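What follows is a set of notes on a single structure, which appears directly below.
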Amino acid sequence: MTEEQKNKQMEQREVKASADKLSENKRRRLIKGAVAIPVIMTLQSGAALARTSNLVGSLEEDIPDDSTHVATQDLGNGKRIVCAHPDDSEDQSGAPPYDLGNAPMGHLEPNFDSNGNALSLNDQANNCRGGGGLVISATAFSSFDGRMAGL
Amino acid sequence: MTGAYWRSVSFSSLQIEEWGGEFTVFQPNSGKTHFLNQMGLHILLCLDRAPTSEDEIFVFLTDQFQLTLDQNFSQQTIKTLHRFDELGLIEKVRPESLT
């Protein structure tokens, strides 16, 4: 190893040591900063967390007939959109997400019109929205775990 | 000017656990669990000993944690005192009850 290479290697070591020192100082500042003011945080209770799970977003996009994203149920006569009802007694000013209240309600949209013509999932979704209902995701629906009344 | 006096409420009922220099405090009266850093807990300990004025709390904390007392620190500490008060962990003491 030449003298020049040795010098370079030594310089690199010094830079690394300096960087390590800086990093350590930053960590110390962070730790000191954390204790420099009193901190209190209150953990949410399980009941409160469960309550917020009745907040849902609505699907506003077009729903293709092969969608697996939207909440549907098939009672033996074809897929029907789950139409959830926002709870009017809850404050919905922050919607979305919408609050379905303590006892989530919903209905299954008809998949035939009054003339007996089949309705696509998208038609059903539009009917649901037109009646003030919410088209929700399959994931959101499954979070209610059978607790949605009216279905 | 010494600021309001504060004291702890039902401190003995609190269930306190240390987690690597920080603390979880279960408050049976409300069923809530709080997370406090060392300074937060020191405030509760201080107020459990005796009713203490805000100025005395500032001095106690800056002394314990070797900090400089400035306006920002005082404001942050007062905010925390009010938060403790909202949660029912401490309460203001009427001046006449100190005499």
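In this structure, is B:Gln71 within 18 Å of A:Ala36 (Cα to Cα) and surrounded by fewer than 11 Cβ atoms within 10 Å (Cβ to Cβ)?
Yes.
Within the set of pairs 6 or more residues apart or between chains, which connect a residue that is away from chain A (no Cβ under 14 Å) inside segment B:33-61 to a residue that is of a type in the set (S, T, N, Q) with Cβ atoms less than 9 Å apart?
Pairs found: B:Asp48/B:Ser8; B:Asp48/B:Ser12; B:Arg49/B:Ser8; B:Pro51/B:Ser97; B:Ser53/B:Thr2; B:Asp55/B:Thr2; B:Asp55/B:Ser74; B:Glu56/B:Thr2.
Condition first: modelled with pLDDT of 90 or more and either out of contact with any helix residue (DSSP H, G or I) (no Cβ under 8 Å at 6 or more places or on another chain) or surrounded by 15 or more Cβ atoms within 10 Å (Cβ to Cβ) (or both). Can you find one or more residues in segment A:86-101 that meet it?
yes
Here is a yes/no grid of residues against (1) surrounded by fewer than 17 Cβ atoms within 10 Å (Cβ to Cβ); (2) under 19 Å from the mean Cα position of the chain (by Cα):
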{"site": "A:Asp113", "(1), (2)": "yes, no"}
{"site": "A:Cys128", "(1), (2)": "no, no"}
{"site": "A:Gly132", "(1), (2)": "yes, no"}
{"site": "A:Thr139", "(1), (2)": "yes, yes"}
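(1) open to solvent by 20 Å² or more (accessible area, probe 1.4 Å); (2) of a type outside the set (Ser, Thr, Tyr); (3) more than 11 Å from every other protein chain (Cβ to nearest Cβ): which one isn't true of B:Glu86, the others all being true?
Going through the list (1) open to solvent by 20 Å² or more (accessible area, probe 1.4 Å); (2) of a type outside the set (Ser, Thr, Tyr); (3) more than 11 Å from every other protein chain (Cβ to nearest Cβ), B:Glu86 breaks only (3).
Taking the criterion of being small (Gly, Ala, Ser) and within 14 Å of chain B (Cβ to nearest Cβ), would at least one residue in segment A:47-55 satisfy it?
yes
If you go through segment B:30-45, how many residues are assigned to a helix (DSSP H, G or I), open to solvent by 10 Å² or more (accessible area, probe 1.4 Å) and of a type in the set (A, V, I, L, M, F, W, C)?
2
Kindly evaluate B:Glu91 against the criterion of being of a type in the set (D, E, K, R), open to solvent by 20 Å² or more (accessible area, probe 1.4 Å) and in a strand (DSSP E or B).
yes
Checking B:Phe23 against (1) surrounded by 12 or more Cβ atoms within 10 Å (Cβ to Cβ); (2) more than 14 Å from chain A (Cβ to nearest Cβ), only one condition comes out false. Which one?
(2)
The values are calculated or read from the model by the stated rules, or taken from the named source; none is laboratory data. Model, not experiment: these values are computed from the prediction. With ideal geometry, Cβ positions are generated from the backbone for all residues, glycine too; neighbour counts draw on all protein chains shown. Accessible surface areas use protein heavy atoms only, side chains included; no ligands, DNA or RNA. Shrake-Rupley method; radii C 1.70, N 1.55, O 1.52, S 1.80 Å.
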